[in-house]
Structure formats: structure tokens, C-alpha cells
Amino acid sequence: MERRFGAAYSYDENPRAKIFRRDAPKATDAEGLRRLLRYNNWEHDPLSAAGYAGPDEPRSSENAIAARYDLLPRNSTQRRSAFGNTDAKLCSAEECLALRFQAVSGPTADQQPAFAWEGEWAASPHFGQPGVFNFDWRTFAAEGKAALSANRVPDATCAAVSTHLLQHTFKPAQAYKNDEK
């Protein structure tokens with residue numbers, strides 16, 4: 001992809017990678033991570049330029065951590081659509097053991113207006129969805145005695161489970177660098 005379409009499709013040089021590289025070190029707590037995962041300040045962020053539409057592309061709402069194609073300017077070379085980042089989830093090690101996580105539903109409304117199925121989007125299929133996506137972060141937890149305890153789960157078991165998940169669930173970052181070059 002990178003050879004065919006340029007740096008915007010590279011692992012290290014696409015707009016999202018640049019924003020993560022710049023802002024991830026500032027996410028030092030859960031609140032900072034929540035802000036990072038919902039970040040889309042495309043109108044003011046210089047790293048939101050020269051993205052997927054090529055090196056001459058002006059700043060674009062698709063070139064953000066929480067991309068939103070509904071915010072593309074009407075004169076954009078990219079097609080506006082009700083498409084993009086739809087949620088965010090996170091959990092700490094403690095929350096993981098307690099079978100808890102934090103999540104927020106819907107496109108980001110942190111620096112942007114909340115997405116609504118109104119105007120040009122009213123005729124788009126959206127059965128069962130709220131009219132406006134303007135939700136706060138919520139904590140979700142397993143009910144009953146399902147939670148794990150560091151006292152009940154030996155470190156060796158946690159390490160084995162983590163190793164298994166990393167080897168069989170997540171693709172190493174280096175593998176992505178070589179995809180479709």
C-alpha cells in the first residue's frame with residue numbers, strides 16, 4: 001500500500017501514527033488516554049494534513065485518531081459519509097482482573113459537534129441507533145463472582161495467558177509494516 005499510495009499508507013508516516021507518536025507520551029493516566037483515543041482536532045492540528053488523499057490534501061477530519069468522514073468539508077476530494085471511529089474502550093490491569101472496562105459509544109464529540117442522524121444523514125439506515133451520539137464514558141463490569149483476583153490467579157497463569165494472547169491474538173507491529181508494501 002505504501003509503495004502504491006505513498007507515506008499516508010505507511011506504518012510510521014500516516015497522520016494517525018504521527019499524532020500517536022506526538023501525543024501518546026502525554027497520556028499518563030486514564031483521563032489522558034480517554035482524551036487521546038477520542039482526539040480529532042483536525043481543523044487546528046497540522047498533522048491532520050497530507051493524509052489519505054495525498055500530499056496536497058489540506059487538513060482533514062479523517063486524519064485524526066478518532067476519524068470522522070461526516071466532518072469532511074463539502075469541497076473535499078474525499079467523499080463525505082457517516083463513517084469513521086465509532087467508539088473507544090480501555091482498561092487498566094486492575095480493571096482487567098476485575099473484568100471491568102471503560103467505554104464510550106459513538107463518534108467523538110470531544111473537539112467536534114456530536115454526530116446526529118439529521119440533515120444529510122437522516123435518510124441513511126440507522127435503525128435502533130440513537131438520534132444523537134453524545135455519550136459520556138461508562139464503566140462496564142461482569143456481574144457476580146466472575147472477577148479474577150491476583151490472589152486467586154498465580155502470576156505464572158497470568159503470564160501464560162498474556163503470552164498466549166499476544167502470540168495468537170495480536171499481530172506484532174513489525175508484521176503490519178510489511179503488509180502490502
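Derivation of every value follows stated rules applied to the coordinates shown; laboratory data play no part. Predicted model, so just to flag it, every value in this text is computed and none were measured. Here Cβ is always computed from backbone atoms with ideal geometry, including for glycine, and neighbour counts include all displayed protein chains.
Of the numbered criteria (1) closer than 19 Å to Phe20 by Cα; (2) buried (at least 16 other Cβ atoms within 10 Å of the Cβ), the one Lys89 fails is (2). Do we find that Ala53 is surrounded by fewer than 16 Cβ atoms within 10 Å (Cβ to Cβ) and either of a type in the set (Gly, Ala, Ser) or over 13 Å from the mean Cα position of the chain (by Cα) (or both) in this structure? No, not satisfied. If I ask for residues that are more than 14 Å from the chain's Cα centre (by Cα) and within 21 Å of Glu118 (Cβ to Cβ), which ones from the range 76-92 would you list? Once the filter is applied, which keeps residues that are more than 14 Å from the chain's Cα centre (by Cα) and within 21 Å of Glu118 (Cβ to Cβ), the range 76-92 yields Ser76, Arg79, Arg80, Ser81, Ala82. Looking only at residues in the range 92-113 that are closer than 14 Å to Arg35 by Cβ and out of contact with any Asp or Glu (no Cβ under 8 Å at 6 or more places or on another chain), the one that is surrounded by the most Cβ atoms within 10 Å (Cβ to Cβ) is Thr108. Being surrounded by fewer than 19 Cβ atoms within 10 Å (Cβ to Cβ) and among the acidic types (Asp, Glu), is that true of even one residue in the range 29-37? Yes - at least one qualifying residue is present in the range 29-37.
Quick one: would you say Thr139 is within 25 Å of Asp29 (Cα to Cα), of a type in the set (Ser, Thr, Tyr) and exposed (fewer than 13 other Cβ atoms within 10 Å of the Cβ)? Considered against the rule, which asks whether it is within 25 Å of Asp29 (Cα to Cα), of a type in the set (Ser, Thr, Tyr) and exposed (fewer than 13 other Cβ atoms within 10 Å of the Cβ), Thr139 comes out as yes.
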